[in-house]
Amino acid sequence: MKKLKKRKLRLIFIIGLLLMLITIYKKSYIHEYEIIQLIDGLSLKLKKNNIYDYNNLKYNFIKKICNKPWVALYTSNIYFVNISLGGLLFLIIQYISKSKWSLGLIKIMESIISFFPFGGMNILILIILNFLGINNIFSLNFLNKKNIISFMKKLIISFIYIYGINFFIKRICEKEKDLKKKRKYSVLFVIFFSLIFPFIGWNWIMFFHLDWISTIFNWYLIGTNLVLGISLISLLSICLNKKQVFLNFKKKHLHNLSNYLFTASFLWCYFLFAQFLLIWYSNIPEETLFYYNKILNLKNLEILLIIINFIIPLLFLIKKKLKKNKKIIIFLCLNILIGNYLNIYNLITSDNVGIMSGLGMEEISSFILIGSLFLLKIKNFLIKK
């Protein structure tokens, strides 16, 4: 049975890879007539009568269309890396606080963390491909030396970050067996993470919004990581328990995880609002352009994100009885995982792809590709342990 399921995941991975290669090929060799048709179709969809200056902005349109598969691949990588980081942060919280209730969940947390080295390397490869000119995820002007130097700094910091986290993962999850040493490494990781994470938040996501700077953005990203990590830990625990693989999972585990899920969704919403409030209260007009463009073009998506990621968890988890209901928790976990994917997609594609943004074959194929790889890593880890 295990071999059959592994084969299914490998088959899904191959399908995702083939679909991704087809979309990259199609977008790379797209006909000019198809581009004009696509722009006209999007303008009708958005219910706008804008006459796009195609002749003057031809290169910009072609770049955005060719970018779409690469941006979708980058978004999926960032999304699953954030889930791994969320699992790692949650594990470290358990070690530092000396929690006993979560001891049975540690292997599940470690299985989620096991994807990080692969996801991190995928991001590094995409950044290097950008530097070589194969994709244009990060817009670069090679005539500007300052731009090249800043990009090289981005690459070096990203490498230090991935290498540093891999070092701590090995110490905390694999090599060390002594709980006291694990706690010591967990404290050291928190210090390392707090020092290096702001650079990663700026380099990996906020770099797309060159006209916008947020000092609280990295805390907002940590909130996103935590809520994603806790959601997947809860979902895997319930699913494995149903299949009679994880028999130690009890009602107290479900109750504690639902409490963490509730607080993490509150934390996410708090940072989302605080990010906007700091700009509004400080009266920084140039910063408000970022929110103005989002509300003007993606108002429905912004409202949907708040409903999915905050209002729905709040309405369900505020009642104690529902916190122990497995079906409700499964629904909420899936709801939060979908909502936060849309949130990350919105953060990355809103400026990079522009009017070409929208969930299509590129997003589906990239999600299948990276998602199947993510599940294969989790399954391999759990079989070994």
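Observations
- Rg to Rh, two decimals, where the stretch 181-228 supplies the alpha carbon set and Rh follows Kirkwood: 1.07
- Peptide packing for 366-378, 228-240 was compared via the average number of neighbouring C-beta atoms within 10 Å per residue; ordered from the highest value, the list is 228-240, 366-378.
- Nonlocal amide H pairs with Phe246, under 5 Å, H built at 1.01 Å: Asn241
- Integer Hz, Karplus 6.51/-1.76/1.60 couplings in order for the stretch 116-129, x for Gly and Pro: 3, x, 6, x, x, 5, 4, 5, 4, 4, 5, 5, 5, 4
- Radius 13 Å from Cβ of Leu73, net charge of other residues (Lys, Arg +1; Asp, Glu -1): 0
- Of all accessible heavy-atom area on the stretch 68-110, the percent that carbon and sulfur account for (1.4 Å): 67
- Karplus-derived HN-Hα couplings along the stretch 64-75 (A = 6.51, B = -1.76, C = 1.60, θ = phi - 60°), whole Hz, x at Gly and Pro: 5, 5, 5, 6, 3, x, 5, 5, 4, 5, 5, 4
- Whole-Hz ³J(HN,Hα) from phi, Karplus 6.51 cos²θ - 1.76 cosθ + 1.60, for the stretch 97-108, glycine and proline x: 7, 6, 6, 9, 5, 8, 4, x, 9, 4, 5, 5
- The stretch 190-248 - accessible surface per residue (Å², probe 1.4 Å): 42
- Hypothetical label at Leu124: residues of the stretch 185-205 whose amide nitrogen lies under 20 Å (7 Å Cα-Cβ projection): 189, 192-205
- Directionally averaged shadow of the stretch 221-273, computed from the convex hull of its alpha-carbon atoms, nm²: 3.4
- Between the residues Tyr220, Trp202, Gly164, the greatest Cα displacement towards the positive end of the dipole of the stretch 164-222, with unit charges on the Cβ of Lys, Arg, Asp and Glu, is found for Gly164.
- Convex hull of the stretch 174-322 built on C-alpha atoms - directionally averaged projected area, nm²: 12.3
- Lys pairs under 24 Å by Cα in the stretch 154-274, provided they are eight or more residues apart or on distinct chains: 10
The values are calculated or read from the model by the stated rules, or taken from the named source; none is laboratory data. Here the structure is a predicted model, which means the values were calculated and not measured. Cβ: placed from backbone, ideal geometry, glycine included. Neighbour counts: every protein chain shown. Calculation scope for accessible area: heavy atoms of the full protein, side chains included, ligands and nucleic acids excluded. Shrake-Rupley method; radii C 1.70, N 1.55, O 1.52, S 1.80 Å.
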